[in-house]
Amino acid sequence: MPSTSATNTEFDAIVVGAGFSGLYALQQLREAGLNVLGLEKGTGVGGTWYWNRYPGARTDSTTEVYQYWFSEELLKEWKWSERFAAQEETERYLNFVADKFDLRGQFRFGVEVSSAIYDEASDLWSITTADGDALSARFLLMCTGGLSEPIFPKIEGRESFAGEMFHTSRWPHEPIDYTGKRVGVFGTGATGIQVIQSIADKVGHLKVFQRTPNYTIPMRNPKLDAAAHEDRAARFPEIQQRVRETFTGFEFDFDARPFHEVSPEERRQKLEDLYADGSLAFWVGSFFEVFVDEGASQEFSDFAREKMRARLKDPKVAEKLMPKDYLFGTRRVPLETGYYEAYNRDNVELIDLRETPVERITPDGVVTSAEAHDLDMLIFATGFDAGRGAINKVDVRGRNGAKLKDIWDKELRSFMGLQVHGFPNLFMTMGPLSPAAALCNAPTCIQQQVEWIRDAIDHVRGKQARSMEPKAEAEAEWLAHHYEVSSQLLALQAESWYVGSNVDGKPKGLIAYAGGSPAYIERCEAVKAGGYSEFNIA
Ligand code: NA7
């Protein structure tokens, strides 16, 4: 096995991140015979599932499709306990994978990459860590996750708060005592919803500071018994194939019939059935028109509001929790469990920031235009700089010293979310302008991207070449195609991390390729079959 000892500084490839894609990338490149080192800022394996250990953290993809496919032995050995896994179980799974395939030893943990500079003379990347270590590698893979760099709201006085204060994605490893505490939560996206529904009955008093309510779907999460495991095992080959064929990489797909050609009664029944399924099938396994047709999306919006409203006791609270100024499916639709019932509790209060905006945070709590809310704990579930945040945190410089951050501050460009012109041998997973950035079941698209990168690197090495970089015209063509496809999407009408509006100054536009995962995979395959003519290989 290649040496990754602390003294070794030169590698064929460096993989940054020990999450779903980093672990797989390391395993695949090592299998391909490269001397690979993994670097991970956290002290353990898991990526998203290492960092996001907040109460209630759970996948919104079923465990049937939120897993690796590369090892039949692994598929048979690992038995998920629920249809949707909690953070602890997913983290345990990734640790199991790391141990089973002996990946842990090839990672250095607690290491933050601070810069990555491309040296044109040698075609190598020089990597510096925050501790001052210098490393080099021919290929650099940023497997740093699409949603990993947290953002905090810009509210005057935030740092002055004297109580406990957490961002959900930097949650402490130690248990937290909520007993009797007055807790405030900012953020009612997928994360905030999971937090709120999980701590409502544990805290003294909970105040939810809501800016935008979301459409949600109630999660159905049965435990999996031996019979369920057997059933799944029998279908693994079929599911593995299926996730590569569906529009968003899940086990379900859109109805082939045009929405408006299905009778209203049949549509209603279909929505009822999908809603009862308790998964994202209600959204990305329904009708494609939900993405592009206002009339269709309106029907989904009315349906979801009706269901959500029916669970709330107080009509005034219900009104505040109903999304009104955007359509269903134009932002990420969270799954929830008892979220609305939380607001039926006496100790939970909803503060609508549209009615009473926040003025400042003080040592004692949150001051809105109406009153001062004294708090012992503040939780920020306020999201991420999606697609680029973790990469931008590293000082990445390519040919001619060009800074990737400068480029992405102006425009989010890439060739298929895999590479950026001007940055040879720098690969990424979940990068901007790939389905994986937002519109795909992450493990499906991550695995496909890692395998494509493995093959591309293999190709470069096979040609005795030293570098691979997308041509400017290929990148421009992909960007134009991306803009054309995304221009049809209703998501552009709403504000969310999908379109970059959650980060000040971020270029606006859909972060993910919206032409569907199968079309993307087909294009990736075509690039490979065509001998990577979209790239300069030298
Ligand atoms: P999201 O979906 O970006 O949600 C962030 C939440 O934080 C959202 O409700 C925001 O309100 C809220 N927010 C942000 N800034 C503020 C301020 N200043 N005041 C009040 N509220 C604020 O992040 P998540 O972590 O929930 O989910 C990210 C993805 O992770 C998710 O989609 C899954 O794919 C996994 P806003 O809606 O902007 O009005």
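Mind telling me which of the residues PHE254, PHE300, PHE328 ends up being in a loop (DSSP other than H, G, I, E, B), buried (at least 21 other Cβ atoms within 10 Å of the Cβ) and of a type outside the set (S, T, N, Q)?
Values: PHE254 fails: buried (at least 21 other Cβ atoms within 10 Å of the Cβ); PHE300 fails: in a loop (DSSP other than H, G, I, E, B).
Only one candidate qualifies: PHE328.
Could you check region 70-162 for strands (runs of 3 or more DSSP E) lying wholly inside it with 1 or more residues that are in contact with a Phe, Trp or Tyr (Cβ under 9 Å, 6 or more places away or on another chain)?
Filter on region 70-162 gives 113-119, 124-129, 134-142.
Which pairs do you get when a residue that is away from the ligand (no atom under 11 Å from the Cβ), found in region 178-202, comes within reach of a residue that is in a helix (DSSP H, G or I) and open to solvent by 30 Å² or more (accessible area, probe 1.4 Å), reach meaning Cβ atoms under 9 angstrom, with the pair 6+ apart or on two chains?
GLN197/GLU341; ALA200/GLU341
Conditions: (1) open to solvent by 30 Å² or more (accessible area, probe 1.4 Å); (2) assigned to a loop (DSSP other than H, G, I, E, B); (3) out of contact with any Asp or Glu (no Cβ under 9 Å at 6 or more places or on another chain). THR188 meets all but one. Number of the miss?
(1)
Please go through region 369-384 and pick out each residue that is open to solvent by 10 Å² or more (accessible area, probe 1.4 Å) and in contact with a Phe, Trp or Tyr (Cβ under 6 Å, 6 or more places away or on another chain).
THR382, GLY383
Given the criteria open to solvent by less than 50 Å² (accessible area, probe 1.4 Å) and within 16 Å of the ligand (Cβ to nearest atom), does ALA390 qualify?
For ALA390, the condition - open to solvent by less than 50 Å² (accessible area, probe 1.4 Å) and within 16 Å of the ligand (Cβ to nearest atom) - is met.
Can VAL366 be described as under 15 Å from ARG211 (Cβ atoms) and open to solvent by 30 Å² or more (accessible area, probe 1.4 Å)?
no
From THR48, THR43, grab the single residue that is surrounded by fewer than 19 Cβ atoms within 10 Å (Cβ to Cβ) and in contact with a Gly (Cβ under 7 Å, 6 or more places away or on another chain).
Values: THR48 fails: surrounded by fewer than 19 Cβ atoms within 10 Å (Cβ to Cβ).
It is THR43.
What is the number of the single condition among (1) of a type outside the set (Asp, Glu); (2) within 16 Å of the ligand (Cβ to nearest atom); (3) open to solvent by 50 Å² or more (accessible area, probe 1.4 Å); (4) over 21 Å from GLN447 (Cβ atoms) that GLY157 does not meet?
With respect to (1) of a type outside the set (Asp, Glu); (2) within 16 Å of the ligand (Cβ to nearest atom); (3) open to solvent by 50 Å² or more (accessible area, probe 1.4 Å); (4) over 21 Å from GLN447 (Cβ atoms), GLY157 is out only on (3).
Could you list, in sequence order, all residues of region 480-507 that are part of a helix (DSSP H, G or I), among the polar types (S, T, N, Q) and either surrounded by fewer than 18 Cβ atoms within 10 Å (Cβ to Cβ) or within 17 Å of the chain's Cα centre (by Cα) (or both)?
Across region 480-507, the qualifying residue is only GLN493.
Take the residues in region 72-90 that are touching a strand residue (DSSP E or B) at 6+ places or on another chain (Cβ under 9 Å) and of a type outside the set (D, E, K, R); name whichever of them is surrounded by the fewest Cβ atoms within 10 Å (Cβ to Cβ).
Our first condition is that a residue be touching a strand residue (DSSP E or B) at 6+ places or on another chain (Cβ under 9 Å); within region 72-90, this holds for 81-87, 89-90.
Restricting the remaining residues to those that are of a type outside the set (D, E, K, R) gives 81, 84-87, 90.
Numbers: SER81: 12, PHE84: 23, ALA85: 24, ALA86: 17, GLN87: 22, THR90: 25.
That would be SER81.
Can you report the number of residues in region 515-527 which are surrounded by 13 or more Cβ atoms within 10 Å (Cβ to Cβ) and within 19 Å of VAL420 (Cα to Cα)?
Residues that pass the stated criteria total 6.
Counting just the residues of region 30-40 that are open to solvent by 10 Å² or more (accessible area, probe 1.4 Å) and in a loop (DSSP other than H, G, I, E, B), which one comes out nearest to ALA18 (Cα to Cα)?
Within region 30-40, the match that is nearest to ALA18 (Cα to Cα) is ASN35.
For residues in region 402-418 being outside any loop (DSSP other than H, G, I, E, B) and in contact with a strand residue (DSSP E or B) (Cβ under 8 Å, 6 or more places away or on another chain), which is farthest from GLY509 (Cα to Cα)?
Going through region 402-418, the residues outside any loop (DSSP other than H, G, I, E, B) turn out to be 403-410, 415.
Filter once more, keeping what is in contact with a strand residue (DSSP E or B) (Cβ under 8 Å, 6 or more places away or on another chain): 403-405, 415.
On the way: LYS403: 21, LEU404: 18, LYS405: 17, PHE415: 16 Å.
Taking the candidates together, the pick is LYS403.
Quick one: is ASP201 modelled with pLDDT of 95 or more, acidic (Asp, Glu) and farther than 30 Å from GLU359 by Cα?
Numbers: modelled with pLDDT of 95 or more: yes; acidic (Asp, Glu): yes; farther than 30 Å from GLU359 by Cα: no.
Taking the combined requirement at face value, the residue does not satisfy it.
Filter region 230-251 down to residues that are more than 21 Å from the chain's Cα centre (by Cα) and either open to solvent by less than 40 Å² (accessible area, probe 1.4 Å) or aliphatic (A, V, I, L, M) (or both), then give me how many there are.
Count: 5.
Out of region 51-71, which residues are under 21 Å from VAL243 (Cα atoms), within 15 Å of the chain's Cα centre (by Cα) and surrounded by fewer than 20 Cβ atoms within 10 Å (Cβ to Cβ)?
ASP60
Can you name every residue in region 433-476 that is closer than 18 Å to GLY47 by Cα, in a loop (DSSP other than H, G, I, E, B) and not polar (S, T, N, Q)?
ALA438, CYS440, listed by residue number.
Report the residue count in region 516-538 for those that are under 20 Å from CYS445 (Cβ atoms), free of Cβ contacts under 8 Å to residues at least 60 places away in the same chain and assigned to a loop (DSSP other than H, G, I, E, B).
Number of matching residues: 0.
The values are calculated or read from the model by the stated rules, or taken from the named source; none is laboratory data. Keep in mind that what you see is a predicted model, and the values were worked out from it rather than measured. Using ideal geometry, Cβ is built from the backbone for each residue, glycine included, and neighbour counts are taken over all protein chains shown. With ligands, DNA and RNA removed, areas are computed over all heavy atoms of the protein, side chains included. Shrake-Rupley method; radii C 1.70, N 1.55, O 1.52, S 1.80 Å.
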